[in-house]
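The values are calculated or read from the model by the stated rules, or taken from the named source; none is laboratory data. For clarity, every value in this text was computed on a predicted model and none was experimentally measured. Here the Cβ positions follow ideal geometry from the backbone for every residue, glycine too, while neighbour counts run over all protein chains shown. Note: accessible area is taken over every heavy atom of the protein model, side chains too, but ligands, DNA and RNA are not part of it. Shrake-Rupley method; radii C 1.70, N 1.55, O 1.52, S 1.80 Å.
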Amino acid sequence: MSLIHPPPEHQVETIFGAFNDHPLRQEVNDEVHARPHEALNTPVKVSHLGMLSGRRGGELDRQAVVDLCRRYGVEPPQPGAQHLSADFGDFRLKWERRTELSTYTFFVEEDFDELFADPPLDRVPLDWLYSLPGPRLVGVHLTLEPAWAQPRSTSDIQHIFDDNPIVGSHITGGAARVWSDFRIQDDGFTRVLMRDVSLRNRQAGRAVQRILEIETYRMMALLAFPVARQLNPEINDLEEQLAWITEHMTQDENSSVSDEQGLLGRLTELAARIEGIGNNTNYRFHAAKAYNELVQRRIHELREQRVQGVQTIQEFMERRMVPAMRTCETVSERLESLSRRITRTGDLLRTRVDVALEAQNRDLLDSMNRRADMQFRLQETVEGLSVAAISYYLMGLISYVLKAGHDAGYLPRVEIYQGLLVPVVVLFIWAVIRIVRHRIARKQAK
């Protein structure tokens, strides 16, 4: 007998309304269930398109899907939707919007006589295909043949791919086999042949999606490779210019401030060029690294097993893609290293300019101090002459007074009084000038 009793109905309603859910709770929870794998029943043909519409092209891509849905009477994706999986009658479409690319995958499940004839893309309205935003970056025709189909030898499979070197393996624990040459054929599409061994329908959908994602992410990652190759000569030139500036800094010890300011100007131009390059390429290089990691993860999820005499997908990617990614990583690291070196050199050069300017300012202050000392001495000399001149004129005035007293009979000998008054007048004038100068100095000090 169960000891757990369900709560009464009114209590359930109370509990249901007791919590205030976070506004993003449902969206966050649904994200892990979004973009499910298709359930595929062999035989099936797949056409996969990757259109590079850019980081701002998401709404244009959605509108294109809405237009196709209206033509076939299918419920369109909601505003802001990033994916759609729907049956259009003649085909099934799985649309996924990524950061800068939209993928359109078309499925047709029916028997066929030729592997890559009559692909699902032929059943899609041509005018709609022409209206898709962005240039095509990825194009894949994939055929998944049933387990009961006639087995094919390695030479037969190689002939299917125009005798090009093929890549293939057992995948998903031996439940399927896959072959491709990863080359773009004359029709503009890469071809992939898969053979069902013991796949379940959901397992088949996962395997097909992983193969398509490997090709999609591979192409997205390799977008950075041409950028890296183009940047190499420019980075070499920037490094040579930085080396020239550094060499002139260390060799020219007696360079003037104007020379070092000229070097600093050139260094600033280099820094601006590096920043411009970084702004234009940082996203591409970081995206390439992320896409490459996705490629490696999808390959790992395939759980490849070797087909005798055939290169595996993992080996193919390590031989062809890994060197390209290393080149991109190297260029990105060189840019970052060059930026740091320019910053350090700029700090050093600015320090040298500041020290030179401080030395010039010190010399200027010393010169001003010497000039002020000379002016002070000259001022003392002038003050001495001023005391003599003023005393001379004042004694002249006093002489008139003494002569008048002599003429009046009060002063018998004027010369005696004049001689006695000279030092008194000189000391008086000197004291007055000192007092005036001290008052002016106190006012200036305030």
Please compute the length gained on full extension between residue 392 and residue 237, using 0.36 nm multiplied by the number of residues separating them and subtracting their Cα-Cα distance. 47.7 nm
Taking a 1.4 Å probe, which of 42, 268, 216 shows the most accessible area, and what order do the others take after it? 268, 42, 216
Accessible surface ranking that places the most exposed of 72, 393, 291 first, with a 1.4 angstrom probe: 393, 72, 291
Sorting 348, 101, 309 by the position of each Cα along the dipole of the chain (Lys, Arg +1; Asp, Glu -1; all at Cβ), the one nearest the positive end of that ordering is 348
Note the full-extension length gain between residue 327 and residue 401 as 0.36 nm times their separation in residues minus their Cα-Cα distance, in nm to one decimal. 15.9 nm
Got a sec? What order do 436, 46, 74, 426 fall in by accessible area at 1.4 Å, biggest, i.e. largest, first? 436, 426, 74, 46
Not counting ligands, DNA or RNA, and with a 1.4 Å probe, what is residue 159's accessible surface area in Å² rounded to the nearest 10? 130
Can you return the aspartates and glutamates within cross-link range of residue 289? Criterion is Cα-Cα under 17 Å, with same-chain partners fewer than 8 residues away left out. 100, 213, 215, 318, 329, 333, 336
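Working out 0.36 nm times the residue gap between residue 114 and residue 347, then minus their Cα-Cα distance, what length gain in nm do you get to one decimal? If you can, show how the numbers build up before the last one.
Numbers: separation 233, 0.36 × 233 = 83.88 nm, distance 6.84 nm.
Net length gain for the segment: 77.0 nm.
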So for the pair residue 420, residue 186, with labels modelled 7 Å out along Cα→Cβ, what separation do we get in nm? 14.0
Label points 7 Å out from Cα along the Cβ direction at residue 123 and residue 438: separation in nm? 11.4
Gaussian network model of the chain, Cα within-10 Å springs - most flexible of 424, 322, 178: 424
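Quick one: if the Förster radius is 22 Å, what FRET efficiency do residue 300 and residue 149 give, using the C-beta to C-beta distance and rounding to 0.05?
On the way: r = 28 Å, r/R0 = 1.29.
About 0.20, to the nearest 0.05.
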Membrane-span-like helices (DSSP H runs, Cα span along own axis at least 18 Å, mean Kyte-Doolittle at least 0.5) in the chain -> 414-445
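For the chain, what's the relative contact order in percent, using C-alpha pairs closer than 8 Å and at least 6 residues apart?
Value for the chain: 13 percent.
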Return the FRET efficiency for the residue pair residue 287, residue 159: r is the Cβ-Cβ distance, R0 is 51 Å, and the value is rounded to the nearest 0.05. 0.85
Rounded to a whole number, what % of the accessible area of the chain do carbon and sulfur atoms account for, probe 1.4 Å? 54
Whole number in Å², please: accessible area per residue of the range 161-278, 1.4 Å probe, ligands, DNA and RNA not counted. 45
For residue 360 and residue 86, FRET efficiency with R0 = 60 Å and r from the beta-carbon atoms, rounded to 0.05? 0.20
